[in-house]
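Asker: Let me give you the structure first, and then I'll get to my questions.
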Amino acid sequence: MNNIFVYCEVTEEGLIADVSLELLSKGRKLANELNIKLEAIVICDQIQNIENQLYPFGVDVIHIAQDSRLFPYTTLPHSSIVVNLFKEEKPEIALFGATSIGRDLAPRVASSLRCGLTADCTSLEIGDHTENKTQKLYKNLLYQIRPAFGGNIIATIINPDTRPQMATVREGVMKKEEFSTSYKGKLKKLSIEKYLKEDDFLVEILERHVEQQKINIKGAQIIVAGGYGVGSKENFQMLHQLAEAIGGEVGATRAAVDAGMVEHSRQIGQTGVTVRPKLYIACGISGAVQHRAGMDQSSKIISINNDPKAPINKIADYTIIGNVGDILPKMIKYYKENSK
Amino acid sequence: MSFRIVVLAKQVPDTRNVGKDAMKADGTVNRAALPAIYNPEDLNALEMALEIKSKMKDAEIIVVTMGPPRAAEIIRESVYRGADKGYLITDRKFAGSDTLATSYAISLAVKKLAPFHLVISGRQAIDGDTAQVGPQAAEKLGIPQITYAEEFISATEKDITIKRRLERGIEVVKSSLPALITVHSSAPECRPRNAKLLMKFKHARTVTELQEEVRDYTELFDKRPYLQIEEWTVADLDANVEFLGLSGSPTKVKKIENVVLQQKETILLTESDKDIEGLMKELIDIHIIG
Ligand SMILES: Cc1cc2nc3c(=O)[nH]c(=O)nc-3n(C[C@H](O)[C@H](O)[C@H](O)COP(=O)(O)OP(=O)(O)OC[C@H]3O[C@@H](n4cnc5c(N)ncnc54)[C@H](O)[C@@H]3O)c2cc1C
Ligand SMILES: Nc1ncnc2c1ncn2[C@@H]1O[C@H](COP(=O)(O)O)[C@@H](O)[C@H]1O
């Protein structure tokens with residue numbers, strides 16, 4: 001009772017999605033801090049050895065619901081199962097990936113249970129809260145931290161009175177870390193007939209094409225990222241050339257993606273991917289907080305910007321003041337001359 | 001019975017264009033510096049509604065927006081583009097509503113418009129990017145949801161087929177009606193205002209707006225009742241105030257912090273050949289690249 005629950009997404013290959021493993025890693029830490037258990041919910045059809053997949057992440061209980069009608073995901077049966085399970089188990093905290101699935105499911109569940117939900121958290125912490133008016137003290141709440149209002153502010157959101165405290169988190173924001181290879185929990189099979197009703201199958205999938213992730217900027221050690229200051233799709237070619245020369249991937253800001261200079265799958269930041277490369281070269285990027293949320297843990301940052309006052313320079317190890325168009329060709333040239 | 005489509009549209013501060021003057025000296029947000037706009041994905045939603053209307057024999061589009069009195073602008077912008085009418089949900093008691101309280105109020109308004117076939121919202125509003133109100137309203141209405149709609153394929157009185165945009169692909173789904181659809185920005189863009197409709201509706205006003213007008217609208221409204229934009233309050237919706245505003249919002253903002261950058265010791269370089277060659281050499285030497 002009153003544990004942390006993580007909704008685990010299942011991929012086409014019958015594996016637990018990375019985002020869910022990342023949430024379990026974070027969930028384990030929160031569970032330790034609160035001295036409670038970590039439980040996983042898996043709703044699927046076929047799955048590869050689920051216990052081997054999940055126990056190493058420190059999962060104490062796996063709730064599994066299996067049925068051919070439960071994959072691919074549709075909203076209503078998954079939300080019925082999660083809602084009913086939550087009514088029985090009364091979790092303290094419930095975490096979902098901020099994915100196409102999680103952002104479809106979590107609000108429906110939150111509405112049904114009348115509890116609070118914070119989307120796209122960039123950090124989760126445990127802390128206390130004293131209500132101003134009543135001076136009532138709430139201990140050990142989940143601080144759901146996210147940028148807000150155009151990123152000019154960082155808001156800490158809490159749900160003092162409703163349970164579970166629900167949050168979604170994007171892929172890559174939390175670190176995937178195994179807890180212990182020998183950890184063992186227990187498996188509970190859910191009898192789905194108890195949870196589902198006929199009406200849950202009102203939506204039918206007629207056609208489906210889901211691709212493997214093509215561009216993998218999340219795993220790249222070097223990222224050459226471009227912002228609105230790159231200027232055009234043609235200029236982005238220079239970033240591709242530099243990335244290719246030094247063995248990196250190209251990333252981008254939302255402003256560059258919105259302007260059509262580069263594809264959305266390369267967007268880095270709060271509403272894109274979070275990256276932690278060895279080297280991050282920010283070209284024509286101002287450094288809005290939503291962008292920094294996705295890259296400020298890079299080991300080394302180089303900023304190329306013609307504005308010496310651009311905020312990104314403040315978190316950069318090196319700042320080159322000047323024009324992206326002039327500097328990138330030189331970097332490519334000198335790299336080629338100096339590398340063996 | 002005509003095919004009734006309810007569109008949910010929100011007026012939002014244009015957070016995409018937050019300039020330097022958006023923050024006041026004391027570190028609070030200067031809302032006045034941000035223009036209020038039609039939430040971009042709600043325009044995609046309106047376009048999808050217009051397309052569906054054009055394919056059905058006898059369909060009507062009703063826009064519902066919740067916000068301060070000036071959000072009546074959303075209704076006007078909608079009828080200029082072909083919506084049939086709109087309602088503004090407005091009441092001080094709604095202030096401070098989070099997505100749960102908002103979806104509660106919106107679902108009551110939609111219920112007042114029953115029987116409806118479809119509710120269409122944007123995927124998310126750019127002021128918060130939460131994408132929660134659509135699914136939560138669907139839950140409160142007890143109807144299925146189709147999120148991230150990219151293309152309308154077909155519909156009958158009883159069901160609808162929609163192509164959805166997922167992060168790594170697409171899906172075509174068919175749902176029974178009534179249902180709620182949230183529309184993705186990759187769906188067709190909204191058509192511009194129609195000049196005739198603009199002429200027809202440019203004097204559309206809410207009662208609250210009329211109080212600010214110098215001109216007397218009584219006669220005009222008697223002749224053209226369609227110019228009256230109806231406002232719904234908590235009382236009109238028969239809403240339980242406990243579920244509204246701050247008290248109906250389980251999420252509370254504990255703390256707002258200004259974003260303060262931790263100043264790193266940055267090494268300043270120029271674009272001279274010497275500086276850039278030096279940097280590339282150093283990166284190779286310390287094995288970061290190469
Ligand atoms: C809810 C929300 C979520 C968001 N999520 C994200 C997100 O995930 N990722 C993201 O990136 N953004 C996100 N944003 C947008 C973010 O707030 C910024 O608008 C965006 O990051 C700015 O991108 P930019 O730095 O490319 O553009 P700008 O802010 O326009 O900066 C361009 C920079 O280029 C420099 N420049 C111009 N010309 C040149 C030149 N020739 N040579 C060198 N430098 C030049 C300029 O000095 C400037 O610093 C989000 C916003 C909101 C409201
Ligand atoms: N105050 C509101 N009035 C009308 N529609 C709204 C309102 N708030 C949210 N919506 C609808 O819900 C969608 C998602 O909003 P959000 O959950 O705030 O990201 C929006 O695109 C709108 O279609």
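Asker: For the range A:118-151, what are the residues that are within 16 Å of ligand 2 (Cβ to nearest atom) and acidic (Asp, Glu)?
Answerer: A:Asp120
Asker: Right, another one. Of (1) within 11 Å of another protein chain (Cβ to nearest Cβ); (2) free of Cβ contacts under 8 Å to residues at least 12 places away in the same chain; (3) part of a helix (DSSP H, G or I), A:Lys336 satisfies all except one. Which?
Answerer: The one condition A:Lys336 does not meet is (2).
Asker: Quickly run through the range B:102-129 and pick out the residues that are more than 30 Å from A:Asp258 (Cβ to Cβ) and without any contact (Cβ under 8 Å) to a residue 60 or more places away in the chain.
Answerer: Answer for the range B:102-129, where residues must be more than 30 Å from A:Asp258 (Cβ to Cβ) and without any contact (Cβ under 8 Å) to a residue 60 or more places away in the chain: B:Ser107, B:Lys111, B:Ala114.
Asker: Also, quick follow-up: In the set A:Ile246, A:Ile301, which member is farther than 24 Å from A:Ala17 by Cβ, modelled with pLDDT under 95 and within 13 Å of chain B (Cβ to nearest Cβ)?
Answerer: Going through A:Ile246, A:Ile301 in turn, the sole match is A:Ile246.
Let's see how each residue does on (1) of a type outside the set (Phe, Trp, Tyr); (2) over 18 Å from A:Arg170 (Cβ atoms); (3) in a loop (DSSP other than H, G, I, E, B); (4) without any contact (Cβ under 8 Å) to a residue 12 or more places away in the chain:
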site: A:Gln290; (1), (2), (3), (4): yes, no, no, no
site: A:Met295; (1), (2), (3), (4): yes, no, yes, no
site: A:Lys309; (1), (2), (3), (4): yes, yes, yes, yes
site: A:Ile320; (1), (2), (3), (4): yes, yes, no, no
site: A:Pro329; (1), (2), (3), (4): yes, yes, no, no
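Asker: Residues that are without any contact (Cβ under 8 Å) to a residue 60 or more places away in the chain and within 18 Å of A:Thr74 (Cβ to Cβ): does the range B:182-202 have at least one?
Answerer: No, there is no match, as no residue in the range B:182-202 is without any contact (Cβ under 8 Å) to a residue 60 or more places away in the chain and within 18 Å of A:Thr74 (Cβ to Cβ).
Asker: Still on this structure, please answer the following. Could you tell me whether any residue of the range A:211-230 is at pLDDT 95 or above, surrounded by fewer than 19 Cβ atoms within 10 Å (Cβ to Cβ) and outside the structural domain of A:Glu13 (by TED's automatic domain parsing)?
Answerer: Yes - at least one qualifying residue is present in the range A:211-230.
Asker: How about the range A:219-252: which of its residues are part of a loop (DSSP other than H, G, I, E, B), within 27 Å of the chain's Cα centre (by Cα) and either without any contact (Cβ under 8 Å) to a residue 60 or more places away in the chain or within 16 Å of ligand 2 (Cβ to nearest atom) (or both)?
Answerer: The answer is A:Gly219, A:Ala220, A:Gln221, A:Gly247, A:Gly248.
Asker: Taking the conditions exactly as written (of a type in the set (A, V, I, L, M) and at pLDDT 95 or above), does A:Ala252 satisfy them or not?
Answerer: Against the criterion (of a type in the set (A, V, I, L, M) and at pLDDT 95 or above), A:Ala252 qualifies.
Asker: Right, something else. Are there any pairs, at least 6 apart or on different chains, whose C-beta atoms fall under 9 Å, with the first in the range B:52-68 and surrounded by fewer than 22 Cβ atoms within 10 Å (Cβ to Cβ) and the second among the polar types (S, T, N, Q) and modelled with pLDDT under 95, and if so, which?
Answerer: Taking only residues 6 or more apart or on different chains, the pairs are B:Met56/B:Ser2; B:Lys57/B:Ser2; B:Asp58/B:Ser2; B:Ala59/B:Ser2; B:Glu60/B:Ser2.
Asker: Before we move on, is A:Ser298 touching a Gly at 6+ places or on another chain (Cβ under 7 Å) and more than 13 Å from ligand 1 (Cβ to nearest atom)? Break it down stepwise before answering.
Answerer: Details: touching a Gly at 6+ places or on another chain (Cβ under 7 Å): no; more than 13 Å from ligand 1 (Cβ to nearest atom): yes.
Answer is no for this residue.
Asker: Another question about this same structure. Enumerate the pairs (first residue in the range B:130-147 and at pLDDT 95 or above; second residue anywhere and within 16 Å of ligand 1 (Cβ to nearest atom) and hydroxyl-bearing (Ser, Thr, Tyr)) with beta-carbon separation below 7 Å, excluding pairs fewer than 6 apart on the same chain, so at least 6 apart or on different chains.
Answerer: Filtered contacts from the range B:130-147: B:Gln132/B:Thr99; B:Val133/B:Thr99; B:Gln136/B:Thr99.
Asker: Let me ask something else about it. State all residues of the range A:265-288 that are more than 9 Å from every other protein chain (Cβ to nearest Cβ) and outside any loop (DSSP other than H, G, I, E, B); if no residue qualifies, say none.
Answerer: Those that are more than 9 Å from every other protein chain (Cβ to nearest Cβ) and outside any loop (DSSP other than H, G, I, E, B): A:Arg266, A:Gln267, A:Ile268, A:Val273, A:Tyr280, A:Ile281, A:Ala282, A:Cys283.
Asker: When A:Val169 is evaluated against the numbered criteria (1) closer than 25 Å to B:Thr130 by Cβ; (2) more than 14 Å from every other protein chain (Cβ to nearest Cβ); (3) not aromatic (Phe, Trp, Tyr), which criterion, by number, is the only one it fails?
Answerer: Of everything listed in (1) closer than 25 Å to B:Thr130 by Cβ; (2) more than 14 Å from every other protein chain (Cβ to nearest Cβ); (3) not aromatic (Phe, Trp, Tyr), A:Val169 misses just condition (2).
Asker: Within the range A:304-332, can you find the residues that are more than 10 Å from ligand 1 (Cβ to nearest atom) and more than 8 Å from chain B (Cβ to nearest Cβ)?
Answerer: Those that are more than 10 Å from ligand 1 (Cβ to nearest atom) and more than 8 Å from chain B (Cβ to nearest Cβ): A:Pro329, A:Ile332.
Asker: Here's another thing I want to ask about it. Regarding B:Ser97, is this residue more than 16 Å from ligand 1 (Cβ to nearest atom) and closer than 30 Å to B:Thr156 by Cβ?
Answerer: no
Asker: Can you name the number of the only condition in (1) small (Gly, Ala, Ser); (2) crowded, with 24+ Cβ neighbours inside 10 Å; (3) more than 12 Å from chain A (Cβ to nearest Cβ) that B:Ser103 fails?
Answerer: (3)
Asker: Restricting the search to the range B:151-190, which residues are within 21 Å of the chain's Cα centre (by Cα) and more than 20 Å from B:Thr130 (Cβ to Cβ)?
Answerer: Correct list: B:Glu151, B:Phe152, B:Ile162, B:Lys163, B:Pro178, B:Ala179, B:Pro188, B:Glu189, B:Cys190.
The values are calculated or read from the model by the stated rules, or taken from the named source; none is laboratory data. This one's a predicted model, so the numbers in the text were calculated from it and none came from an experiment. When we count neighbours, we look across all protein chains shown, and the Cβ atoms used for this are built from the backbone with ideal geometry, even at glycine.
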